[in-house]
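Everything on this sheet refers to the single structure shown next.
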């Protein structure tokens, strides 16, 4: 399989890397006419000097908070969809773990028991009719409405990558704001060993020296020498005998489970490459330096959410006798492991730059002092579709139950980015049906809550009452925000509404800051936090990308 590689050549920092990996990244500022109209609304808090000092501290000291998952039983999903190559739970160990996890939720009398929908990727079909998606593979059919996006979890297993129709369906589910493990684009990067190596390099993650090898590179003397010396600077291009102690790890780009990997010494390398390219001239290979492993490698499962990361589980995979590979699928033994502080930090940073909600980071401990430039550990791979059977056996707990219990708050989900206009029509459920309002989307707005214009209101004790479109609403005041509008500080009551909808994405239990009159062209001002929860990035020059145009609601 050939891949369209991302261009990392001009990326010099983590910030630029994250920007390049996004579908499209905007500053979140409005056009000039909108800028003139809108005044900045910010919460009164730390001074500019304090904020600047905090930023400098964070820049000087890169450290990731370490949080471990605690095995328990919880779930917020009503539906779980899995696209896989094999729907036989006896043969598909991860699928079997999902079934068992649901049974465990039933045994522990959890409030929400998900329905499982299993589709064979190669046979799946779609009927897309506006807000209704109907998915079928002949054996299973599931219809999704626009109300399903917050309570549906999607597992996109490795086989999806090669099935165009299935991949299209998964992208539609991502687009609707469903949590997909894992998004197609980032999974494809992780499934390409050369792209992964480039990603790790730009993220300054320790890894073995590497180089890409193709037939064109092999038969271009200058390019071939450059590639080989990227792996081993001491490689001798004139006398092959001098390279007999230089061991190369050779990998196909899309191999998994330890297949498509071999170890060969530098003396025989060129002959082997010539044979491979004679068989398949389109093959692309990754060459890596063989580092001295200290007894196998470590797989760390990491969950990355908007507000935190969690190390869900880890295991050490002990090499098979005589084999340099340590894949459990090839017969290697797995055992519990206590991560070092360095391994924890490497796993968290690697998972973060992968931009995948759930991934497994494969770390290889090195023999102490064998490569002082790298330290004590290197990252071998990022796995976008890790198996769950081996890790469940090691931790003596169904890994899927840990995953579900940690995904218990949809406001923290890391969703696939989607472009929105700087003005859109949103729907707010105040408890008696949706009210459509014109909203400004402002990623520069760091206020405590999204603000909404409701007109005159009354406060009695801890409750606030107001009317919209002739309907009266009463809410308990959750909190107050002190918002700075120009030079004036306004104290605004904060309430929690049942739901806010923007495009096809919804969010439950949303905090809103109440304003009598905005005196702007919109009724609602989305803050950065709600936009992040919904997964929207904002175009500074377009309006109504997601929704039909509407007039501002006249609030009396």
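In Å, what Kirkwood hydrodynamic radius results for region 106-254 from the alpha-carbon pair distances? If you can, show how the numbers build up before the last one.
Details: mean 1/r = 0.0517 Å⁻¹.
Evaluated over region 106-254, this radius sits at 19.3 Å.
Nearest 5 percent is fine: what portion of the DSSP beta bridges confined to region 79-181 is antiparallel?
Close to 40 percent.
With each run of n ≥ 4 DSSP H residues scored as -39500 (n - 2.57), what mean residue ellipticity at 222 nm is computed for the chain after dividing by its residue count and rounding to the nearest 500 deg cm²/dmol?
About -7000 deg cm²/dmol.
What is the Cα centroid distance between region 225-251 and region 114-189, reported in whole angstrom?
45
Between residue 78 and residue 234, what is the label-point separation in nm under the 7 Å Cα-to-beta-carbon projection?
Result: 6.5 nm between the two label points.
Could you sort 448-455, 424-431 so that the peptide with the highest average Cβ count within 10 Å comes first and the rest follow in order? Present the calculation step by step, with values, prior to reporting the outcome.
Values: 448-455: 23.0, 424-431: 20.6.
My ranking of the peptides, most packed first, is 448-455, 424-431.
Just to be sure I understand the model, the point goes 7 Å from the Cα along the line to the Cβ. What's the resulting residue 541 to residue 308 distance in nm?
4.1
I need the peptides 466-474, 167-175 ranked by packing, meaning the mean over residues of other C-beta atoms within 10 angstrom, with the highest value on top.
Highest mean packing first, the order is 167-175, 466-474.
Specify the angular offset, from 0 to 90 degrees and rounded to the nearest 10, of the alpha carbon long axis of helix 341-354 from the longest principal axis of the alpha carbons in the chain.
Result, in degrees: 70.
Work out how much length residue 134 to residue 259 would gain on full extension: take 0.36 nm times their residue separation and subtract the Cα-Cα distance, in nm to one decimal. Present the calculation step by step, with values, prior to reporting the outcome.
Details: separation 125, 0.36 × 125 = 45.00 nm, distance 3.60 nm.
Full extension of this stretch gives 41.4 nm more.
How would region 79-181 be classified by its alpha-carbon gyration tensor: rounded, prolate or oblate, with rounded meaning a/c under 1.5 and the a/b versus b/c comparison settling the rest?
Because a/c hits 1.5 or more and a/b fails to exceed b/c, region 79-181 counts as oblate.
Residue 456 to residue 201: FRET efficiency via 1/(1 + (r/R0)^6), r the Cβ-Cβ distance, R0 56 Å, to the nearest 0.05?
Details: r = 59 Å, r/R0 = 1.06.
FRET efficiency, residue 456 to residue 201: 0.40.
Using a/c under 1.5 as the rounded threshold, could you call region 416-515 rounded, prolate or oblate? The axes a ≥ b ≥ c are square roots of the C-alpha gyration tensor eigenvalues, and prolate needs a/b larger than b/c, oblate otherwise.
In terms of gyration-tensor shape, oblate.
Give the angle, between 0 and 90 degrees and rounded to the nearest 10, that separates the Cα long axis of helix 48-60 from the longest principal axis of the Cα atoms of the chain.
20
Pull out the extension gain between residue 225 and residue 66, defined as 0.36 nm times the separation in residues minus the alpha carbon to alpha carbon distance; nm, one decimal. List each step's numbers first, then the result.
On the way: separation 159, 0.36 × 159 = 57.24 nm, distance 4.23 nm.
Length gained between residue 225 and residue 66: 53.0 nm.
Note down the nm distance, to one decimal, between modelled labels 7 Å out along Cα→Cβ at residue 480 and at residue 553.
Between residue 480 and residue 553, the label points sit 2.6 nm apart.
Rg(Cα) of region 294-407 divided by 2.2 N^0.38 Å?
1.04
State the Kirkwood hydrodynamic radius of the chain in Å, one decimal place, computed from all pairs of distinct Cα atoms. Walk me through the intermediate numbers first.
Details: mean 1/r = 0.0383 Å⁻¹.
Evaluated over the chain, this radius sits at 26.1 Å.
Have a look at the DSSP beta bridges in the chain and tell me what percent are antiparallel, nearest 5.
Percentage antiparallel, nearest 5: 80.
Laboratory data are not the source of any read-out in this text; all were calculated from the coordinates shown. None of these values were measured; they are calculated from a predicted model. Heads up, the Cβs are rebuilt from the backbone with ideal geometry, glycines too, and the neighbour counts pull from every protein chain shown.
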